[in-house]
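Beneath this line is the structure, given in structure tokens, with notes to follow.
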């Protein structure tokens, strides 16, 4: 797990520092959870929708109320997003898809009749929703597969029979390895110094006789 304030987010979302969920946390990353990306994208989309609405709306008086309501929904979903509630993440996916569809159709419907700035702003908001939809669906998939917080391992793609066969083969091979080690220990070229015969030293009688 990566340590650092707020987590690095490379492998998913993170648990913020402090007593946020009833226990002390150190900003650990959560594998297969991308709710933090969705939250940031929703907040960014809400800000762009509100502040840029005078530049891309056809009639600010008639459409501003809908823009405010959409931004309010995005902010509420961003605040409720967490690694435990699957329903909130599903709502994030629905809101992302709806926002992408509305702003993309709005941009293409006004192409050629609206200003280039209005077209670019509508397309930019639609692209933000596309990324939010992508990360929402990745998190929903991981939630249904019960992968949130779990590291990827090649063993999860093996059948139970393959895992049992590999484990049985390793158990059979282990005694053979032990026997081979014992055999090599008693080879002629591996005698310890303590087992070697000491050199012959002549006795007193051999020297004088």
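The values are calculated or read from the model by the stated rules, or taken from the named source; none is laboratory data. What you see is a predicted model; the values in this text were computed from it and never measured. No Cβ is skipped: glycine too gets one built from the backbone with ideal geometry, and neighbour counts run over all protein chains shown.
Per the conditions (1) surrounded by 15 or more Cβ atoms within 10 Å (Cβ to Cβ); (2) within 19 Å of the chain's Cα centre (by Cα); (3) touching a residue at least 12 places away in the same chain (Cβ under 8 Å), the sole criterion not satisfied by residue 86 is (1). Take the conditions (1) farther than 30 Å from residue 84 by Cβ; (2) modelled with pLDDT of 80 or more; (3) assigned to a loop (DSSP other than H, G, I, E, B); residue 198 misses just one of them, which is (2).
Within 19 Å of residue 33 (Cβ to Cβ), within 25 Å of the chain's Cα centre (by Cα) and at pLDDT below 95: is that true of residue 148 in this structure? Yes: the conditions hold for residue 148. Considering only residues in the range 41-83 that are touching a helix residue (DSSP H, G or I) at 6+ places or on another chain (Cβ under 9 Å) and part of a loop (DSSP other than H, G, I, E, B), the one that is modelled with the lowest pLDDT turns out to be 58.
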